[in-house]
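Undergrad: The structure follows.
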Amino acid sequence: RHFRLEDDICHLNSKFTFKSMVVDRFNRIAHAAAYSIAEGIRPAFNPLFIHGDMGLGKTHLLQAIGHLANDSGMQVLYVSSEQFTNDYIEASRSKDYRPFREKYRSVDMLLVDDIQFIGGKHQTQEGFFHTFNHLYNLNKQIVIAGDRHPSDIGVLDPRLISRFEGGLVAEISNPNLNGRVSILKTKCK
C-alpha cells in the first residue's frame, strides 16, 4: 500500500480555522503559538504540545494550523494517534516501512491529535520516537495535542516525554463565563 498525503489533508474540517476560533484567557498562549507556527514563523520551540480537557479546542487549533500552513504551500500531515498507530502496525505486519516513512517523514509539518492513546503501546511509541527525531533533526515542525501534560500520560516512554517537553507545552484551560458566552455566540452565528 502506498500512502498519499492528500488523503489525510482532505480530513481537515473546513470549519476549524483561526477565524472561527474564540480566543480568550483560557487559550491565548496556545493560540498565539499555533498561529505563529501556521504562518511559517520559525519559533524557538519545536515541538508545540497543546493539552487540555476534552472539548476545549485542541483539534480546532491543530486543524487551523493545518489549513493556514497548507494554504501557504507547506506540506502538512494531520493525523490522529489512532491513524498513526494503524499505519505503523500495517508497516510492521508487511515488514515494508518505506511507504510509512514516505508518508510521515517527507512533510514540512506533522500534526498529531490525541497522543495520549499511544500510552502503553510500546511499538507505536518506538515508531513515533524515530519519526519525531527524523523530522526534528530536519527542522520540521511538530505539533502534538493531548488531553493532559506529557508527564501525566500513563505508560509513555521517558524519551518521548523528554522530547514533548523540549519545546513549548501550552495548556488550554476551561473558559470562564465570558469565554463560554463568547463561544456560544460564535457557534450561534
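The values are calculated or read from the model by the stated rules, or taken from the named source; none is laboratory data. Because the structure is a prediction, the values reported are computed rather than measured. Virtual Cβ from ideal backbone geometry, glycine too; neighbours counted across all protein chains shown. Ligands, DNA and RNA are stripped out before the accessible areas are found, and what is left, the full protein with its side chains, is counted by its heavy atoms. Shrake-Rupley method; radii C 1.70, N 1.55, O 1.52, S 1.80 Å.
Undergrad: For the chain, what does -39500 (n - 2.57) per DSSP helix run (n ≥ 4), summed and divided by total residues, give at 222 nm, in deg cm²/dmol to the nearest 500?
TA: Helix contribution divided over all residues of the chain: -14000 deg cm²/dmol.
Undergrad: Run the dipole for the chain about the Cα centre, Lys and Arg Cβ at +1, Asp and Glu Cβ at -1, nothing else charged, and hand back the magnitude in debye, nearest 20.
TA: About 320 debye.
Undergrad: So which lysines can residue 185 reach, going by Cα to Cα under 23 Å and dropping same-chain residues fewer than 8 places off?
TA: Within the straight-line cut-off, residue 185 pairs with 15, 19, 58.
Undergrad: What accessible area per residue, rounded to a whole number of Å², is obtained for segment 87-174 using a probe radius of 1.4 Å? Kindly include the intermediate steps, with their values, before the conclusion.
TA: Numbers: 4150 Å² over 88 residues.
Per-residue accessible area for segment 87-174 comes out at 47 Å².
Undergrad: If you don't mind, another one. If you average the C-alpha positions of segment 39-114 and of segment 12-38 separately, how far apart do those two centres end up, in angstrom?
TA: 16 Å
Undergrad: What lysines sit close enough to residue 121 to cross-link, taking a C-alpha to C-alpha distance under 22 Å and skipping anything fewer than 8 places away on the same chain?
TA: Within the straight-line limit of under 22 Å, residue 121 reaches these lysines: 95, 103.
Undergrad: Turning to a different aspect of this structure: Output needed: percent of Cα pairs per 10 Å distance bin for segment 46-94, bins running from 0 to the one holding the longest distance.
TA: For segment 46-94, the binned pair fractions read 21, 41, 30, 8 percent.
Undergrad: How much accessible area does residue 23 have with a 1.4 Å probe, in Å² rounded to the nearest 10?
TA: About 50 Å², ignoring ligands and nucleic acids.
Undergrad: About the Cα centre, and with charges only on the beta carbon of Lys, Arg (+1) and Asp, Glu (-1), how big is the dipole of segment 79-153? Nearest 20 debye, please. Mind dumping the intermediate values first?
TA: Working: 9 positive and 11 negative charges, 66 e Å.
Around 320 debye, computed over segment 79-153.
Undergrad: OK, next. Give me the compactness ratio for the chain, meaning the Cα radius of gyration over 2.2 N^0.38 Å.
TA: With N residues counted in the chain, Rg over 2.2 N^0.38 Å equals 1.00.
Undergrad: Could you sort 187, 121, 19, 140 by accessible area so the largest value comes first, with the probe set to 1.4 Å?
TA: Descending order: 19, 187, 121, 140.
Undergrad: With all protein chains present, how much of the accessible area of the chain (probe radius 1.4 Å) comes from carbon and sulfur, to the nearest whole percent? It would help to have the intermediate numbers written out before the result.
TA: On the way: 4960 of 9890 Å².
Roughly 50 percent, rounded to a whole number.
Undergrad: Can you sort 184, 168 by solvent-accessible area, 1.4 Å probe, largest first?
TA: 184, 168
Undergrad: Scan the chain and note any complete DSSP helix (H) whose C-alpha atoms cover at least 18 Å along its axis and whose Kyte-Doolittle average is -1.0 or more.
TA: Both cut-offs are met by 58-71.
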